[in-house]
Structures are given as structure tokens and as C-alpha cells.
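Student: Mind looking over this structure? Questions follow.
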Amino acid sequence: MKHLKNYINGNWTEGDAGSFSVNNPATGEVLAMVPKASPEQVRGAVDDAETAFRFWSKETAETRSNHLRRLYDLILENVEELGRTITLEQGKPLKEGIGEVRYGASFVQWYSEEAKRVTGEMIPASHKNKRIMVLKQPVGVVAAITPWNFPFAMITRKIAPALAAGCTVIIKPASQTPISAIKIMELVEKAGFPKGVVNLVTGDAASIGNVFLDHKKIKKITFTGSTEVGKELYRGAADTVKRISLELGGHAPFILFDDGKLFDSIQGALASKFRNCGQACISSNRFYVQQGIQAEFIEGLKIQLKSFRQGNGLTSDTDLGPLIDQRAYEKVSDHVTDALSKGAALEYRGDIPAKKPNGEGGYFYPPTILSGIGPDMKIYREETFGPVIPIIPFREEEELLTMANDSDYGLAAYVYTQDLSRALRVSEALEYGIIGLNDGAPSTAQAPFGGFKESGIDREGGHYGIEPFLETKYISIGL
Ligand code: NAD
């Protein structure tokens, strides 16, 4: 078993508060021991990152760009190994693990270019003897807290724009999946980033989080994770008026009108629901299907699901892996049981891979389709984070919009229709930050990713994604 280390100020460091194990969710096997950083170590990392900020923020944009470009090249040279690491600690099929590495790398590439395009402006003044100059400057030391569902890409999506802007970073990855984060640090070191510019601490989430919140040298927190923890951090950031960006939970409606293309909508439903076994913030969670097309849609999904193979992600033909842990398994089971007890119908349930004779085995939940879902069921309101398709019939567009917007979340929504006017009308009316219009996979490096309502604050991706790491400074010049 491997004993892995934290990366602080360019040094590989043990945890002063001990260590914890990381398990493979497909087998239960212990993969590695990872450090528990003490609060003192985290405070030390913040001081180191602040020292590094003094010179990194003064580097030319070109130098920062070149470092990111080298990191991008190194990631591409190691795609297979990084993808395998993701599969081992997170469970997703290897082809998805590799896909995540490529997706994560695309942010490093994009921001290596964007680093050179951060500009200010001169604004015409009201007096002849005055000039108005506006500068963009990096906010300072950034704490990046990331979730387990995309253990590689959620880190690169944050650190690439932060580093491009001239910030230094301290990463706190999810405890279930810190190995991918450690692999990124190995590449950061190889890419030649100066010491202290990128740091990694692992360990107790609340104690590390509290250091981030209390420390005045942390100028910004960028968080991806649950709405519950996001709210806690939002409240905690108030005392020092820290900048905070939040990418939180979702409860995406998937909307299929009678005139939608059936084949495309089924492909879109499978992509948006079963990627990562339904454990994505933009996973479709409520399937609103117009009455005329419901039977065909369910039949089409069943045919596709029958050929889905569920199992260990490292097996070459696996389409669907396990859920991350026991808690996740219990939540999905609870949502399905609750819906069935309140009158939902079970349309489809896949086979679960057999557990080993000794009782070990992964947290596999089979693909499931439910119909007859109503607002009194948990699955209607809460993020399920599992491979379950709950179908809600609708008749008219207006009724549909009321139901689809009836959520505290506002991250992603999917719409399938061939009617152009309706497509635009519905896309504009949906209270969601990302709309997949006849598209089940909308996320890409150059586009803004983020949510309305309780799904978050700010955007990641594109030129929008670097803004949260920049302060705006106005210099009034008298001639
Ligand atoms: P989580 O909120 O439990 O954990 C996220 C991170 O926060 C982890 O690193 C965790 O260790 C840390 N954390 C937990 N408590 C903390 C505290 N008190 N202080 C500081 N840090 C703390 O979320 P999760 O279960 O890892 O991830 C799943 C959630 O993430 C889902 O709700 C999903 O929708 C959301 N998510 C959102 C996006 C997005 O871009 N909007 C992307 C991926 C996942």
C-alpha cells in the first residue's frame, strides 16, 4: 500500500495529524494512505502561498501562460495513468476517467491562452486634465475546495484560471478522492511552477475549511460541492469579507416535447443521466416527458439499458460503475423506496453485479426507471446522485415551465424539441444557468458553467471563469 504526501511550498510533506485511507468503491480495497494535515500545517501553507503570490503575481502573463502550457502537455502525456487513477479511487469506467482527464486538461490549455488576454481599459474622463485608468489585478491567495465526483477536472477548472490571473492556490480535495489531486501536484512540480505557487493539503474537511475561513491572507475561496457545505462557507466567509465562488448542487429537468427527435433525446438522456453513474451536478434528475411520446421514450430507454454493463470500471466493457460510498447508496435506495411507496411505478431495473462471497463488493446501484412521479416524492425535489430516471408526464408548455422551475436549484436543464420558437421560448424561460438544447453534454472549457438560485455564485470556464480571480482597480490620474 502506498503512503502519499501533501505538497506544500514545493516539499512533499507528511501529515502532522496522522493519515487516512482511500478505498476503491468498486472493490472496497484500500488504495493508499493519505496525510491528515494539522491546522498549523495549513496555516503554514497559506503563509507560503502568500510569499509566492508576491512574485507570481508580478510575473509576465507570458511566463504564467508557458507554465500552464507545460502542465497541459504533461497531462496529455499521462492521460492513461491519470484516467486509471480516477477509476480506481472514484469508480467511473476507464473510458470516462480518460474523458475526464481530457476535459480537465482543456481548461489548462484554455487558460494558458487566456492568461495573455487579461486587460484593463482607459475610460474617457469628464475633465480635460484627467485620465481614468482601470486595471485588473489578481485577488491573492486562493483556497480551492473540490468534490469527489470529478476528482481531476474540478481541480484544473479552478486552478488554471487562478494561476493564469496571477493568484497562488491551496487545494483541499475531497477525502474520498485525493490521489488524483496528488498526481496533479506531481505534474505541477515537473512543469516547473515555483515553490509555493500551487499547494495541496488533505485531511479533516471542517478543520482545514476553518483555517481557510479565518485566515486573513486567504483572499478568496472557490468551492465545488454540496449546497449545504457551500452555504456554510458562504456564511463563514462573511467575517473577513472573502471573495467566494460557489459551484453547488443541481436538480436538472430533462424536457422532451412530443416533437423532439426520439433517438437524439434517448442518447441525450443516457449521456446526461448515466455519466458517472448519475453522480454529476448537471445530471438529469427529473424527466418531464410530454404525454404523446412517453411510451416510446421509456421503451427506447429500456432497449438501450438492457445492453448496459455495470461493474468494475477497469474492466474494458464497463458502461456503469459503482456509487462512491455507502451513504450515496443509501440515499439513492431511499429515493426509490420513497417514490414506490407513494405510488410510482417501476418501469425498469437492471441487474446488480454479484457481491463477493466474503461480503465485499462495490456500492453498485442498478439503472432504474420510475414513472408516475409526483411533487410529494423526495426524488422530485432532492438531488438523487444515482442512476435513476424518474418520469413526470406533462400536457402543455406552460404547465411544464411551472413544474421545471419549481426548484431551489438552477444549474442545468435539457430541452428536446424541433420547434425553433418553442426552443427559444422555453430556453429563455427556464431559470437555469446552463441549457442543453437538443444536447445532453453541454459542458466545455470555453463556455460559462454555473448556476442560478441555490446552485451557486459565479461561473467557471471561458473568459467568465477568470473574472472571479481578479480585482478591479481604478486609478484617477490628474495631469
Ligand atoms: P461536499 O459538499 O460534501 O464536499 C465537497 C468538498 O467540501 C470536499 O472536499 C469536502 O471534503 C469539503 N467539505 C465538506 N465539509 C466542509 C467544511 N465544513 N468546510 C470545508 N470543506 C468542507 O460535496 P461532495 O459530496 O463531495 O460532492 C457532491 C456535490 O457537489 C453535489 O451536490 C454536486 O451537485 C456538487 N457538484 C457541483 C458541481 C458544480 O459545478 N456546480 C460540480 C460537481 C459537483
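FYI, it's all coordinate maths here, none of it is from the lab. Everything quoted here is computed from the prediction, not taken from an experiment. Every residue, glycine as well, gets a Cβ built from its backbone with ideal geometry; the counts of neighbours run over all protein chains shown.
Student: Would you mind pulling out the separation of the Cα centroids of region 421-438 and region 455-479, in Å?
Tutor: 27
Student: Let me have the relative contact order for the chain, percent, based on Cα pairs under 8 Å that are six or more residues apart.
Tutor: 18
Student: Counting only pairs 8 or more residues apart or on different chains, how many lysine pairs in region 252-443 have their Cα atoms under 16 Å apart?
Tutor: Going through region 252-443 pair by pair, I get 4.
Student: If we count every other residue with Cβ under 12 angstrom of E296's Cβ, Lys/Arg +1 and Asp/Glu -1, where does the sum land?
Tutor: Neighbourhood net charge equals 0.
Student: For a quick check of your reading of the filter: which trypsin sites (Lys or Arg not before Pro) in region 106-143 sit in a DSSP loop and have no more than 16 other Cβ atoms within 10 Å?
Tutor: Qualifying residues, ordered by number: K128.
Student: If the cut-off is a Cα-Cα distance under 18 Å, which lysines reach K190, setting aside same-chain residues fewer than 8 apart in sequence?
Tutor: Partners within reach: K5.
Student: Ranked highest first by average number of other Cβ atoms within 10 Å, how do 299-311, 86-98, 150-162 line up?
Tutor: Highest-to-lowest ranking by the protection proxy: 150-162, 86-98, 299-311.
Student: Run through region 376-456 and list the trypsin sites (Lys or Arg not before Pro) located in a DSSP loop whose Cβ has at most 11 other Cβ atoms within 10 Å.
Tutor: In loop regions of region 376-456 (DSSP not H, G, I, E or B), the sparsely surrounded trypsin sites (Lys or Arg not before Pro) are R395.
Student: Here is a follow-up. So which of K95/K453; K92/K195; K216/K453; K2/K219; K36/K231 end up more than 31 Å apart, counting from Cα to Cα?
Tutor: Over 31 Å Cα-Cα: K95/K453; K92/K195; K2/K219.
Student: Could I ask something else about it? Would you calculate, for the chain, the mean residue ellipticity at 222 nm contributed by helices, counting each DSSP H stretch of 4 or more residues as -39,500 (n - 2.57) and dividing by all residues, to the nearest 500?
Tutor: Calculated mean residue ellipticity at 222 nm is -11500 deg cm²/dmol.
Student: Related question: Among all the aspartates and glutamates, which ones have a C-alpha under 14 Å from K116's C-alpha, if same-chain residues fewer than 8 places away are not counted?
Tutor: Within the straight-line cut-off, K116 pairs with E59, E62, E467.
Student: Let me check I've understood the local charge: for T146, count other residues with C-beta under 11 angstrom from its C-beta, Lys and Arg +1, Asp and Glu -1. What total comes out?
Tutor: So the surrounding residues net to +2.
Student: Please report the net charge: other residues with Cβ closer than 14 Å to the Cβ of T227, K and R +1, D and E -1.
Tutor: -3
Student: Can I ask one more? As an exercise, identify the GluC sites (Glu not before Pro) in region 362-462 lying in DSSP coil whose Cβ has no more than 11 other Cβ atoms within 10 Å.
Tutor: Sites meeting the loop and neighbour criteria: E396.
Student: With 5 Å bins from zero, work out the P(r) of region 252-443 over every alpha carbon pair and list the percent per bin.
Tutor: 1, 8, 17, 21, 21, 15, 9, 4, 2, 1, 0, 0
Student: Moving on. Excluding same-chain residues fewer than 8 positions from K130, which lysines have a Cα within less than 25 Å of its Cα?
Tutor: Partners found: K473.
Student: Counting only Cα, what are the radius of gyration and maximum Cα-Cα distance Dmax of the chain, in Å?
Tutor: My reading of the Cα-based Rg and Dmax gives 23.2, 85 Å.
Student: How would L437, L314 line up from fewest to most surrounding beta-carbon atoms within 10 angstrom?
Tutor: Going from least to most buried by this count: L437, L314.
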